[in-house]
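Peer 1: Just passing along the structure, written as structure tokens.
The values are calculated or read from the model by the stated rules, or taken from the named source; none is laboratory data. Keep in mind that what you see is a predicted model, and the values were worked out from it rather than measured. Virtual Cβ from ideal backbone geometry, glycine too; neighbours counted across all protein chains shown.
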Amino acid sequence: MAEVTPELVAKIVSDVISEIQLTSIPIGISNRHIHLSEADFQRLFPGEELRPMKALKQPGEFAAEQTVTIVGSKGEQSRVRILGPFRKNSQVEISMTDTRTLGIPAPVRLSGNLADAAEVTVKNGENQITFKGCIVAKRHIHMSFKDMERFRIQAGDVVKVRIQSDGRSTIFEDVEIRPGETFILEMHVDTDEANAANIKPDTVASLVRE
Ligand SMILES: [Zn+2]
């Protein structure tokens, strides 16, 4: 049996730390926001350019300077940030709490799946559009193909994730994998999910293997 030297202990500790770093997934908390098609943006902001304000973690994605007001049957919410670049279809993403306070019965759907999305009205001053495109975004993990290999994940897998937090450690099921060549490893949850699990900016997720 190998002698337990300080060197051996140091090596084991460092192996464990790198294993933890290798398997931990950073978490991004998404506040309510809107993606717009170029045509819808022009309806709301005639003659304007979409002005990037802050780059997001995923390559090419940004928060814009411009915001809109979203309107439901029970209320409205101003200062909802536009995220760029433009998309093919406009899409509003709100939390489950927002669905109640605004009166917009949006279903939980993966971004881009708008088949039975709720109708929503979006305003900028006097300009407004109404379309079927409001969802509560389904939690997901952005993964490059390299990371998918590392985590032994296949396209289409739905995973279970453990969050270790101060007093609200949580296991989330129904976590979708969003594969993309240039994606940066990051789990996306909304503000309701983040609050439920007491997720802070430095909280990480780890996959639960059965
Ligand atoms: Zn995302």
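Peer 1: Which residue out of VAL9, VAL16 is modelled with pLDDT under 95, surrounded by 10 or more Cβ atoms within 10 Å (Cβ to Cβ) and more than 30 Å from SER144 (Cβ to Cβ)?
Peer 2: Within the list VAL9, VAL16, the selection yields VAL9.
Peer 1: Let me ask another. Which strands (runs of 3 or more DSSP E) sit wholly inside region 131-184 and have at least 2 residues that are crowded, with 17+ Cβ neighbours inside 10 Å and of a type outside the set (Val, Ile, Thr)?
Peer 2: Fully inside region 131-184 and qualifying: 140-143, 170-179.
Peer 1: Just to be sure before I move on: is LYS88 of a type in the set (Lys, Arg) and at pLDDT below 95 in the structure I sent?
Peer 2: Answer is no for this residue.
Peer 1: Show the residue pairs meeting these rules: Cβ distance below 6 Å; 6+ apart or different chains; first residue within region 54-73 and in the same structural domain as HIS35 (by TED's automatic domain parsing) and more than 13 Å from the ligand (Cβ to nearest atom); second residue aromatic (Phe, Trp, Tyr) and modelled with pLDDT of 95 or more.
Peer 2: Here the result reads ALA55/PHE62, each pair linking region 54-73 to a residue that is aromatic (Phe, Trp, Tyr) and modelled with pLDDT of 95 or more.
Peer 1: Can you confirm whether THR121 is away from the ligand (no atom under 16 Å from the Cβ), crowded, with 17+ Cβ neighbours inside 10 Å, part of a helix (DSSP H, G or I) and of a type outside the set (A, V, I, L, M)?
Peer 2: So THR121 fails the test.
Peer 1: Going through region 164-210 one residue at a time, which ones are over 22 Å from ASP98 (Cβ atoms) and either in contact with a Pro (Cβ under 6 Å, 6 or more places away or on another chain) or among the β-branched types (Val, Ile, Thr) (or both)?
Peer 2: ILE171, ILE177, THR182, ILE184, GLU186, THR203, VAL204, VAL208
Peer 1: Let me ask something else about it. Between residues in region 19-38 that are within 24 Å of ARG87 (Cα to Cα) and residues that are in a helix (DSSP H, G or I) and modelled with pLDDT of 95 or more, which pairs lie under 7 Å by C-beta distance while being six or more apart or on different chains?
Peer 2: From residues that are within 24 Å of ARG87 (Cα to Cα), the pairs are ILE29/THR191; ILE29/ALA194; ASN31/THR191; ARG32/ASP98.
Peer 1: Against the definition (farther than 21 Å from VAL189 by Cα, touching a strand residue (DSSP E or B) at 6+ places or on another chain (Cβ under 7 Å) and in contact (Cβ under 8 Å) with a residue 40 or more places away in the chain), how does GLN77 come out, yes or no?
Peer 2: No; evaluated as a whole, the condition is false for this residue.
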